[in-house]
Each structure stands twice: as structure tokens, then as C-alpha cells.
Amino acid sequence: MFQKKSVIKFLVVITVAVIGACSPKPRMMEFETVFHTTLGEELNEVGSNLPLLKMTMNEDESYLFESYIDIPDSFQIFRNKLYIADKYNRRISVFNLSMNPITNMIIPNKSADYEFGIPFQVALNKYGEIFVLASESTNSDPTNYEQYYIYKFSFEGKFIYRLGVNGINSAPMEYPDRIDIDLFDNLYVYHRDYSDDYLKWQVNRFSTSGEMNFSFNTKYISMTNQTGNKTYAGQISDVYNLKNDERMLFYMNYYLIEDDGKKIETPTDYYNSLNVYSILQNAITKNIFNSKQNIDGMLAITRDDEIVLYSYDDRNNAIRFRFINISDAQIREEFHYAPNIAEFYPSTRHFIDPSGDIYSILIKDNAHFVLIRWKKLKKLTEA
């Protein structure tokens, strides 16, 4: 009997091992380089903190801590041009992806009509008008980075107006977590709010003329959920806007507070949720998924309202991009995998353009700014 059980156990172990070994690995996307330039302060270069690191640490590059190399992390692509909020060079740099430097452009941080300190975020509407979130800078105190404005420029880089917390010609705002634009040219400004000792979101929306046309705080959203005899409470951990109508996307975290009428002192039962919220209906209208595991990070929402999430796939040492289409009653998904290039380059950023193409920014040899585009394979579904 002992020998029979041992043989069965051995066969089970072998079967599991074979199944695991035979599990198909996802095909990895290949990439093409679509733009490159050098790091530096010249007109057609991109800024970085590399000079600061060399000055602070050591002039000998062999002692340079590559993991501390930083580059601008706000980009957008529009009509074959790359727009960068170049915080280290204090300007908006616009590069033609066809590598024609004659058509490059910069928006400096100072002119006769405006002045700002450091640009941190850049966003474009469908007309190519440019919105720049930047710290306030005045002649009396050029190092004042506690207050911020959003500056609007034309496609040609001409200054139009400056937005404060309540719209044009109003007081400066605190630093927003992000800015975004929908297809109706509304500008969304997102602020984290910890005023009541837990995370909420303040969302202000401005029309194309710079007037505030919508404002709400997630503290007014019901954060309790009844499932059978269990009661859950939670918070909205992140908020994004869809592009084609007045709906928003909520990341929500729930945890058990009451079970069959009894309060739970130490919550152990919790889940993460991704939901669609209608501004007009003031209600959550669709649940995309619930998970008791950590869900993927948000990367972007395309102009077709495809939600793009990403995560690190440990088994395949790859980055998994998850595209979720919520336009139909049945939610459809596709997956794309890219090899993990972060282990070869000290600084890597992934981002999605409005059409859904996948790009990565990386630093090569501590000297070159490189933009690559991943070539999507045939649509994949998760096994």
C-alpha cells in the first residue's frame, strides 16, 4: 500500500511539473526606435538630473548610481510630434518624430506674456492646443514651488491664458496628481484630498474657455457595499475620466466591517474593484471586475475609451499590457507582452498614445534619450 501511494504521489508531481513546463509562454512584442537624442541643455536635447548626480556624488562615472537617474515623465504624442514637460531644462520641448530638427519647437518658461518655474505635466487637446502644469515663478521669489498654475498655449506655442484653482484669472492651486482632457476639450484636474484623514479625490473640470463647469469630491460617493450578510466599506484610491462622455473610472478598495450584524475589529476580507461612474446619473453604472488580489496599475485611457492597465509578469519576466474594451455589454480584453527592459536601462517609462500604441522611454549609456514603439502582435486573450 505504501509503495502504491508513493507511486501515485510521484506521478502527480511529475504530471504537475510537465503541465507547468508545457504551459505556453506569451509571444513578446518587438520594438522599433522612433526617436532619439542626447541628454543635455542644448536646444534639441532633453534634460536630466545627471549633472546633479555627478556633481553631488563623484565626477568618475564608474561611481554613478544609475538607479537615481531621472528624466521627465510627462509625455504626449500628437501628429507625429513628441511633447515633453522638460522639468530640468524648464521648458516644453517639442520634437518631430521624423527626426527633422527644423520643425522642433520649445515653449520657454518665460516670455513677455507669462512666466512659470518648472513644468511638470503636459497635455494636448484634439486641436493640438497645449496645457502645461507648472510651478508659479515670480521675479520676487523665483524659487516658490508651493503654488501651481496651468498654462494654455496654441498649437504654435503662443500663450493663451493661465488657469488657477477656480479657472482663469483666479488664485494658484496646489499640485494636482494629474491633468487630462476629454474629446469635448474639457480639462480635468485631479487633487488628492486627505482633509478627513482618509483619501478622497477633488475633481475640477474646466471648459475650453477656462471656466469651471464641473466640480465634485468623491466623499459624496457611497462607500458601503452589502453582499449577503456582509457589509463592506472602502475608499476610492484613484480616479480617471473617460474621453467620449461624462463618465469616470474609479479604482475602489473595499474591506469587511460587519459580518452577520457583528462588527469586525480587524478587517481581513477585502477586495479591489474597478468601476464606471456616471456623472449625469451620480451612480456607479458598471463593474469591470473585482479581485482579492492586487489589480494592475492604470496606464492610460485611449480616445476610444479602451482602458489600458499594466503589470509585471514575474513568471515570464515581462510587462503585461491589458487592454479592456467596455463599449459593449460584454467586456472584452486583449493582452500584449513586452520583455522587461528595465533590467538593462536605468530609467524606463511606459506610456500609451491616444490611439492605443505602446511606447517606452529609456536612457541608453547614461547619455541618450530614446523613444521606442512596441509592435503589437495579433490580439491575445488570457489563458
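What would the Debye formula give as log10 I(q)/I(0) at q = 0.06, 0.07 Å⁻¹ for the alpha-carbon point model of the chain, no solvent?
Log10 I(q)/I(0), no solvent term: -0.30, -0.40.
Any of K219/K263; K81/K286; K158/K200; K200/K376; K200/K243; K243/K286 with alpha carbons more than 26 Å apart? Name them for me.
Cα-Cα > 26 Å for K81/K286; K158/K200; K200/K376; rest within.
Please report R205, R303, R315 as a ranked list, fewest other C-beta atoms within 10 angstrom at the top and most at the bottom.
Ranked by crowding around the Cβ, least crowded first: R315, R303, R205.
Do you know the relative contact order of the chain, to the nearest whole percent, from alpha carbon pairs under 8 angstrom that are 6+ apart?
With pairs under 8 Å counted, the relative contact order is 12 percent.
Given points 7 Å out from each Cα along the Cα-Cβ axis, report the D197 to A171 separation in nanometres with one decimal.
Going by the 7 Å Cα→Cβ label model, 2.6 nm.
Considering Cα pairs under 8 angstrom that are at least six residues apart, work out the relative contact order of region 199-290 and quote it in whole percent.
Relative contact order of region 199-290: 19 percent.
Grab the other residues whose beta carbon is less than 12 angstrom from that of V370, score K and R as +1, D and E as -1, and report the net.
Net local charge, V370 excluded: +1.
Could you order peptides 126-132, 244-250 by the average number of other Cβ atoms within 10 Å of their residues, highest first?
My ranking of the peptides, most packed first, is 126-132, 244-250.
If each DSSP helix of 4+ residues adds -39,500 (n - 2.57) and the sum is divided by the residues in the chain, what number results at 222 nm, nearest 500 deg cm²/dmol?
Theoretical 222 nm ellipticity from helices: -2500 deg cm²/dmol.
How far, in nm, would the chain grow between F159 and S278 when pulled straight, counting 0.36 nm per residue and subtracting the alpha carbon separation?
39.4 nm
Rounding to the nearest 10 and keeping the result within 0 to 90°, find how far the Cα-based axis of helix 2-22 lies from the longest principal axis of the chain.
Result, in degrees: 30.
Determine, from the Cβ-Cβ distance of A329 and F216 and an R0 of 25 Å, the FRET efficiency 1/(1 + (r/R0)^6), rounded to the nearest 0.05.
0.40
Return the FRET efficiency for the residue pair E258, S311: r is the Cβ-Cβ distance, R0 is 25 Å, and the value is rounded to the nearest 0.05.
0.20
Using the count of nearby Cβ atoms within 10 Å as a rough guide to exposure, how do L280, L50 rank from fewest to most?
L280, L50
Over all directions, how big on average is the projection of the convex hull of the alpha-carbon atoms in region 224-276, in square nanometres?
That works out to 4.1 nm².
Read-outs throughout are calculated quantities, based only on the coordinates presented, and are distinct from any laboratory measurement. Fair warning: this is a prediction, and the values are worked out from it, not measured in the lab. Note that each Cβ is placed from the backbone with ideal geometry, even for glycine, and that neighbours are counted across all protein chains shown.
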